[in-house]
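Here is the structure we will look at, set down as structure tokens.
No value in this document is a laboratory result; all are computed from the given coordinates. Everything quoted here is computed from the prediction, not taken from an experiment. We place every Cβ from the backbone using ideal geometry, glycine too, and count neighbours over all the protein chains shown.
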Amino acid sequence: MRLDVSTYQQGVPELVAAELVRDVVEPKEFHEFCQFDCLTVKNGDKYYRIPRRPHGLIEVWDAKTRRPLARLCVVFQDPGMPPSDEVVMKYLLAKHQPDMLWQVGVKFSPPTGRFEVTPPRRWSVDF
């Protein structure tokens, strides 16, 4: 067995960060995080969908109509932060301080597509 040092250095912090997600969110939310690589937070009349991607845009949806409202770009000072750490920080803002999220986020056009999420394609078959 060979261990690539660069993969190890990137993978271990992300695993630790994913454990932090598990400790912070509800079990149902963690299931969504594991299955769909995102978290959906309802706060007031809005849903905030937070992807597990570096610098991923937060999708904002109307909770009643599920109509797309906006996408928010929130970038933290540490560019090397594991994606799951970003998810935790954005989750806490969306859940407890959505007004601050709107203040610090750069607003973009609403997401296209539907509110329902599909699981990401994790495996590829090479022929």
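Couple of notes before you dig in:
- Calculated from backbone phi, Karplus (6.51, -1.76, 1.60) coupling profile of segment 32-44 in Hz, x at Gly/Pro: 4, 4, 5, 7, 10, 6, 7, 10, 10, 10, 9, 9, x
- Available extension along the chain between Phe115 and Gln77 is 10.7 nm, counting 0.36 nm per residue and deducting the alpha carbon span.
- For the peptides 26-37, 110-121, the ranking by mean Cβ contacts within 10 Å, running from highest to lowest, is 26-37, 110-121.
- Mean ellipticity per residue at 222 nm, deg cm²/dmol - from DSSP H runs of n ≥ 4 across the chain, formula -39500 (n - 2.57): -12500 deg cm²/dmol
- In order along segment 92-100, the phi-based Karplus estimate (6.51 cos²θ - 1.76 cosθ + 1.60, θ = phi - 60°) of 3J(HN,Hα) comes to 5, 5, 5, 7, 10, 9, x, 4, 5 Hz; Gly and Pro are listed as x.
- Phi to ³J(HN,Hα) by Karplus 6.51 cos²θ - 1.76 cosθ + 1.60 over segment 58-67, Hz, x for Gly, Pro: 7, 8, 10, 10, 6, 5, 7, 9, 6, 8
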